[in-house]
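So the structure is just underneath, and the comments pick up after that.
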Amino acid sequence: MLPSLEELRVALQGLLPGVSLVVEGNALVVEAKDVIAVCRCLKDTERFGMDYVANLTAIDYPPDRMEVVYHLYSMGKKQGPVALKVKLPRTNPIVDSVTPIWRGAEFQEREVYDLYGVTFTGHPDLRRILMWDGFEGHPMRKDYVPEDQDAPEAAPHP
Amino acid sequence: MSLQAADAQLLEVSLGPQHPSTHGVFRMNVTLDGETIVKLKPVMGYLHRNHEQIGERISYIASFPFTDRLDYFCAMSNNFGLALAIEQLGGIPVSERGEYLRVIMAELTRLLNHTAVTGFLLNDMGAFGTPLLYAFREREKILDLFEAASGSRMMCNYVRPGGVRQDVPPEWLRQARQLVDGYPRFLDEFERLLTENEIIRQRTQRVGILPKELAVNAGVTGPLLRASGVNYDIRKVDGYSIYPRFGFKVPLGTVGDVYDRYYVRILEMRESITILQQALKDIPESSPAISPKGQALVRAPRTFRPPKGEAYGRIEAPKGELGFFLVSDGSPQPYRYHIRSPSFVNLTVLEDMCLGQKVADTIIILGSIDIVMGEVDR
């Protein structure tokens, strides 16, 4: 069985000295610089065995905060979830990609990059996935203004 | 790439988006060396309507009709997933009969999805028409049941937090029993045509092999994962709803090729039938279809203000893990509404399965993943 979130925090801090972790609600908040270390530890430590990133997404908190959320499970040990959170600045959010650890994050990180504008360093193929190339802006951000479908076109088609 | 130095000329082809074998508006940018795939990049987003943003502007209940349009084959199980997440967020109890009706609907959905996808797979292999029509004949019978229960054949909008929207009509359970009891006969007939068929075996065995380790690492779920031999079924692992009450097995493949995926789906249908038989036998007669708290929520959706918090509800949908991630800020709309769709994540391994295979194999490998673009693009 997976230990409680508080026990997990203590265990992880024992394994990774120098990493600061905070329990907030039902999630474990990690600093952006420690994401890779914590994820590798959760995956490689025998008793956690988090081999499966089920869900990866972001939450936008204007005016200054962006959060990336990871829901991790273990397929081998059939336990989970562990919810990890990373808090980032809203202007130019950058975090390390977990795709080298779990391939399952590849498309989900591309989606977050596309819709929220979070840059994942170390991602093998970071491009827009749902919107087209050349699209400006990030539609899931809270301050995104959709184009007015009823407005007349500025100029007729050539 | 070193191949370019040789006299072989590489050819770039765009498969789709307007092509019947891509199951919707989906494109594969492939690089070919003769007939062999050396590179494949999926391109999606043609059906993107930012469902998540719409969900953040409307009440929790108002999202149910939109979830029907995610995976439009499996409307009932999509509703079920969202209902689980809302119940987790708002602490809503579920009525006993509601639980049974949901499980019955979810398993009927699994039957119709696996039946249809097997028909489509055969269509992709070049068996035009006949297997697909056999499959659709059975699917129609299940759709008739859905219509009687919910008023709509495909866009059912039936499951609600706390139970289901309305009870089934009087004769419905008898008709459902009749259908379920007759289903093994159809499966036997279908299998007699397909399972031992020499042409199908030659066409599908050892094609598009997905190794176990890659399947786990790439977050693949559903029949695609189990065909590679990984025992992971969320109905067993999480034991959500009332699934722990039913006895059923989790079929596993050994090789992880297209044939295993076909056969795992056939075996899963047989397990769904045993679940359905147990559920239809045990369903309580006189009990409301929805709990009082759920009923209040359905009557006045804008009064439902769940406490601040987050919930991740997931189910074993026919295609894999379908997850709904909700964040509440105490207002009637969700602050964040995210869908983790199985088709989208399962496409990660498409290139790995196709490399070194022929173009015609790519089509059946894609067919064996079982994607629906409404869910990939959201």
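Just a few scattered comments:
- Other protein chain Cβ atoms within 10 Å, averaged over every residue that makes up A:50-56: 6
- Unit charges at the beta carbon, dipole of chain B: most positive-side option, B:Q53, B:I363, B:L225: B:Q53
- For peptides A:128-137, B:83-92, sequence by mean Cβ density within 10 Å, most packed first: B:83-92, A:128-137
- For B:V207, distant residues with modelled amide H under 5 Å away: B:V258, B:Y259
- Two-site FRET efficiency, B:M155 against B:D181, from Cβ-Cβ distance with R₀ of 30 Å, rounded to 0.05: 0.60
- Amide H partners (placed H, <5 Å) of B:A317, local residues excluded: B:L322
- Computed label-point distance, nm, for sites B:D144 and B:L173 using a 7 Å Cα→Cβ extension: 2.1
- The distance linking the stretch A:76-146 with the stretch B:42-106 is 23 Å (Cα centroid to Cα centroid, whole angstrom).
- Chain A: angle of helix A:35-44 to the longest principal axis, Cα-based, in degrees nearest 10: 50
- Peptide A:102-114 is shielded by partner chain Cβ atoms: per residue, an average of 5 of them sit within 10 Å of its Cβ.
- Shape of the stretch B:285-334, Cα gyration tensor, a/c cut at 1.5: oblate
- Coupling constants for the stretch B:175-187 follow from the phi torsions by the Karplus curve (6.51 cos²θ - 1.76 cosθ + 1.60, θ = phi - 60°), and in residue order they are 5, 5, 4, 4, 5, 5, 5, x, 5, x, 5, 5, 5 Hz; glycine and proline get x.
- Rounded to the nearest 20 debye, dipole of the protein assembly as shown from Cβ charges on Lys, Arg, Asp, Glu: 1140
- Long-range amide H partners of B:R160 with built H, under 5 Å: B:R165
- Highest-first arrangement of B:278-291, A:94-107, B:315-328, B:143-156, where packing means the average Cβ count within 10 Å: B:315-328, A:94-107, B:143-156, B:278-291
- Residue-by-residue Karplus 3J(HN,Hα) for the stretch B:138-148, coefficients 6.51, -1.76, 1.60, Hz, glycine and proline x: 6, 4, 4, 5, 5, 4, 4, 5, 4, 5, 5
- Neighbour net charge for B:P251 - beta-carbon separation under 9 angstrom, K R +1, D E -1: +2
- Spatial separation of Cα centroids for the stretch B:124-172 and the stretch B:265-294, in angstrom: 15
- Here chain A has an Rg and Dmax of 18.2, 67 Å, counting Cα atoms alone.
- Euclidean distance between Cα centres, the stretch A:54-74 to the stretch B:305-338, Å: 13
- Here is how the number arises for chain A: DSSP H runs of 4 or more residues each give -39500 (n - 2.57), the sum is divided by the residue count, and the result at 222 nm is -6500 deg cm²/dmol.
- Förster radius 22 Å - calculated FRET efficiency between A:R128 and B:K39, Cβ distance, rounded to 0.05: 0.70
- Computed from backbone phi with θ = phi - 60° and the Karplus coefficients 6.51, -1.76 and 1.60, the 3J(HN,Hα) list for the stretch B:87-95 is 4, 5, 6, x, x, 9, x, 10, 6 Hz; x is used for glycine and proline.
- About its Cα centre, the dipole of the stretch B:97-166 is roughly 260 debye, where the only charges are +1 on Lys and Arg Cβ and -1 on Asp and Glu Cβ.
- As a calculated quantity, the FRET efficiency between B:S21 and B:T254 at R0 = 30 Å, using C-beta atoms, amounts to about 0.65.
- Residue-averaged beta-carbon neighbours from other chains (10 angstrom radius) around B:214-222: 6
- Full-stretch length increase - B:Q166, B:R201 - with 0.36 nm per residue and alpha-carbon distance subtracted: 8.1 nm
- The residues packed around B:E285, meaning those with a beta-carbon under 15 Å from its beta-carbon, carry a net charge of -1 if Lys and Arg are +1 and Asp and Glu are -1.
- The label-point distance for A:A32 and B:A62, in a model that sets each label 7 Å from Cα toward Cβ, rounds to 3.4 nm.
Read-outs throughout are calculated quantities, based only on the coordinates presented, and are distinct from any laboratory measurement. Source: prediction; values computed, not measured. Reconstructed Cβ throughout: ideal geometry from the backbone, glycine too, with neighbour counts over all protein chains shown.
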